[in-house]
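The values are calculated or read from the model by the stated rules, or taken from the named source; none is laboratory data. In this text the structure is predicted, and so the values were computed from the model without any measurement. Reconstructed Cβ throughout: ideal geometry from the backbone, glycine too, with neighbour counts over all protein chains shown. Quick note on the areas: whole protein, heavy atoms, side chains included, nothing else; ligands and nucleic acids left out. Shrake-Rupley method; radii C 1.70, N 1.55, O 1.52, S 1.80 Å.
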Amino acid sequence: MRPFLSLVATFQSCRHHLPNHLAPKRLGFLIAMSSKALVVDPFCFRQFSESEASKTYGGSVFSESITEFENIVNEQYDGSKLQDGYAPFCKHIFIPNFTDEKVNVLEITDDNQHHLRTSYEARNEKELPVLTRYFPRDLVVSSDNPLP
């Protein structure tokens, strides 16, 4: 099952809607470096197999190159369908999943809720940890019970 990719992006069309004091600092850099509406932020390079950092990354790793990924996403981009994110400069775009990655989300049910765990996690040392909840893969995924 490969329904949709949810992409959180900072992109060119965003700059027209933001007062200068709210614009993220990287926005100008990304726009200057690309004529594309959407680009992959360097922070996300670890999610692409062409990056050395992908070898130690614990999340989804895409087999598509960064350029291929950007091209496909930009072909499907429609600025009128953006969904609000957590802040004025953060928007979501939902497109059909064109990758080989499976959705890494499971519904919480009476049968699996006892496996649910919580922890405070930060993506890097500069961020404050936030409360996350998750299912440990080895407790919910097996040959008898693969991911959807």
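Which net charge results for the neighbourhood of Ser51, defined as the other residues with beta-carbon distances under 13 angstrom from its beta-carbon, given Lys and Arg at +1 and Asp and Glu at -1?
Numbers: positive: Arg46, Lys55; negative: Asp41, Glu50, Glu52, Glu64.
Once positives and negatives cancel, what remains is -2.
Would you mind classifying the range 35-111 by shape? Square roots of the alpha carbon gyration tensor eigenvalues, ordered a ≥ b ≥ c; an a/c under 1.5 is rounded, otherwise it is prolate if a/b is larger than b/c and oblate if not.
Details: a/c = 1.67, a/b = 1.06, b/c = 1.58.
In terms of gyration-tensor shape, oblate.
With r defined as the distance between the Cβ atoms of Asp111 and Ile72 and R0 fixed at 30 Å, what FRET efficiency is calculated, to the nearest 0.05?
On the way: r = 36 Å, r/R0 = 1.21.
With a Förster radius of 30 Å, E is 0.25.
Can you give the accessible area of Val140 in Å² (nearest 10), computed on protein heavy atoms with a 1.4 Å probe?
Accessible area of Val140: about 20 Å².
Tell me the carbon and sulfur percent of the accessible area for the range 52-135, rounded to whole percent, probe radius 1.4 Å. Numbers along the way, then the final one.
Values: 3060 of 6140 Å².
C and S fraction of accessible area: 50 percent.
Would you mind getting the accessible area per residue of the range 69-144, heavy atoms of the protein chains only, 1.4 Å probe, in Å²?
It amounts to 77 Å² per residue over the range 69-144.
7 Å from Cα along Cα→Cβ at both Asn97 and Gln83: what's the point-to-point distance in nm?
About 1.5 nm separates the two model spin labels.
Just to make sure I understand: if all protein chains stay in place, what is the order of Glu70, Glu52, Glu127 by accessible area at 1.4 Å, largest first?
On the way: Glu70 25, Glu52 130, Glu127 60 Å².
Accessible-area ranking of Glu70, Glu52, Glu127, largest first: Glu52, Glu127, Glu70.
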